[in-house]
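One structure is given below, encoded as structure tokens.
The values are calculated or read from the model by the stated rules, or taken from the named source; none is laboratory data. Note that the structure is predicted; figures quoted are calculated from it, not measured. Glycine also receives a Cβ, built like all others from the backbone with ideal geometry; neighbour counts cover every protein chain displayed.
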Amino acid sequence: MTSTAAFMGVSTGTKAGTTKTTTTMQNSTSTMNPDVERTARKLLAYCRQNDWAGHDPYDALNSGLFRALPFLDSRFPRLALTQVLKRSPINVRTLALVPKTQNPKAMALFLSALLKFPNTVVDSREDLILYMIDRLVALRSSGISYWAWGYSFPWQGRSILVPVGAPNLVCTTFIAGTLLDAYEQHHDQRCFTMAVGAAEYILNELYWTDGAKAGFSYPMPGLRGETHNANLLAAALFCRVYKHTGEKKFLEPALRVARQAVGKQQPDGSWFYGEHPSQRWIDNFHTGYNLEALQSIGRSLETSEFDSSMRRGFEFYRAHFFREDAAPKYFHDRVYPLDIHCVAQSILTLLEFRDLDPGNVQLAHSVFDWAMKHMWDERGFFYYRVLRVCTIRTSYMRWSQAWMLLALSALVSGPQQSPNGTPRHKLTALVQV
């Protein structure tokens, strides 16, 4: 990077207090916990046996009841059935005629995990990687010329109905980022083409500006909200694409949106989910997305501009989202629910920021141990949620199994190179101006 960084106002400098990694820390994670590898193998076998397909907390609108009883197909019944199936301690989706599906985002999470696992853990790993890429090609959103992806179910928001397969920002950014990982490992030009095509879609169809404000439309084009995790995930993707292509059209929107999101960080280091009055909550995994996206931006642009924000955000994350027994909380200000997605994201975030706190690796393993005691089923899958009065033992493929397989792959792989080739212990480096 040359004068472009200076022109865009990217700050330069090395990080203070975050670049050292001790030999002790590296050695502590080099000895694999056999329970992690055993669980990974068993979970992987479960997912393969189910053809990588399953139910989802939000798939109620795939129910055949809406086709059999068309009068139910309106906003209130859609919201009601979604909440009933999501909250039910018993999975009644078979009775509700909800089929199992392959979800594009889940396939990307599986691909990401396979890219991390060593061959000793996964049989026919290279074949599975190619299979996942092929499935992502097949599962792309139809009816548009861009590479983009949506969910395998329609879902009812507060005011809009999002159709099945409709491309959305978060799904597309996760998939495009994973395709870049695959390209960097395997040099598969298909993956690079799809990832850049997805970035083009986001830039041309979802990026918006309004005076001093800027953002990316989510969950559908034309909606101009400020959803911080969605904005930061897209900005991080743009920075990675810019690093590969040198196309400056991706850099300015990325920095503008990232700086805006950082500007909305609260004094205690937290972020609300979004800026709309109905989005003023603080939760575990979206905070994790924010932190990892900022770190990715720093690595891609070789800038320390967002380091202070990351540190403050991680300090809040570590202080507010874990019980004394290492159970990861969903919300910062209450204990329940204890959700498997938060388990997975906590492991990923703790390992990603292992150099900010020497205890992060041990805490990540403690989170895994807690999940094995309270959320693991010996049939080979993880439960959905632990509530105050019961445990919801439903198996969800995207929300639960795909995310946990990715978390297990991070525990197995230990400290290695970051996806874009930067050593993990060097969160940023100097920008050459």
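May I ask you to verify whether Phe285 is closer than 21 Å to Asp181 by Cβ, touching a His at 6+ places or on another chain (Cβ under 9 Å), modelled with pLDDT of 95 or more and surrounded by fewer than 24 Cβ atoms within 10 Å (Cβ to Cβ)? When the stated conditions are applied, Phe285 passes them. Out of the residues in the stretch 368-385 that are hydrophobic (A, V, I, L, M, F, W, C) and surrounded by fewer than 22 Cβ atoms within 10 Å (Cβ to Cβ), state the one that is nearest to Leu338 (Cα to Cα). In this case the residue turns out to be Trp370.
Only one of these is among the β-branched types (Val, Ile, Thr) and surrounded by fewer than 20 Cβ atoms within 10 Å (Cβ to Cβ): Thr172, Thr120. Name it.
After ruling out the rest, the residue left standing is Thr120.
Residues of the stretch 60-79 that are assigned to a helix (DSSP H, G or I) and farther than 14 Å from Leu161 by Cβ: Leu65, Arg67, Ala68, Pro70, Phe71. Pull up the stretch 276-308, narrow it to residues that are part of a loop (DSSP other than H, G, I, E, B) and out of contact with any Ser or Thr (no Cβ under 8 Å at 6 or more places or on another chain), then point me to the one that is nearest to Arg354 (Cα to Cα). Restricting to residues being part of a loop (DSSP other than H, G, I, E, B) and out of contact with any Ser or Thr (no Cβ under 8 Å at 6 or more places or on another chain), the top hit is Phe306.
Is it the case, given these coordinates, that Ile202 is surrounded by 16 or more Cβ atoms within 10 Å (Cβ to Cβ), among the hydrophobic types (A, V, I, L, M, F, W, C) and closer than 26 Å to Lys264 by Cα? Spelling it out, Ile202 is indeed surrounded by 16 or more Cβ atoms within 10 Å (Cβ to Cβ), among the hydrophobic types (A, V, I, L, M, F, W, C) and closer than 26 Å to Lys264 by Cα. Answer with yes or no whether Thr227 is over 20 Å from the mean Cα position of the chain (by Cα) and at pLDDT 95 or above. It is false that Thr227 is over 20 Å from the mean Cα position of the chain (by Cα) and at pLDDT 95 or above. Listed here are the helices (runs of 4 or more DSSP H) enclosed by the stretch 340-421 that have at least 1 residues being small (Gly, Ala, Ser) and modelled with pLDDT under 95: 403-413. Annotation note: of Leu363, Leu350, the sole residue that is under 18 Å from the mean Cα position of the chain (by Cα) and assigned by TED's automatic domain parsing to the domain that holds Phe272 is Leu350.
Looking across the stretch 80-101, the residues that are small (Gly, Ala, Ser) and either crowded, with 16+ Cβ neighbours inside 10 Å or in a helix (DSSP H, G or I) (or both) come down to Ala80, Ala96.
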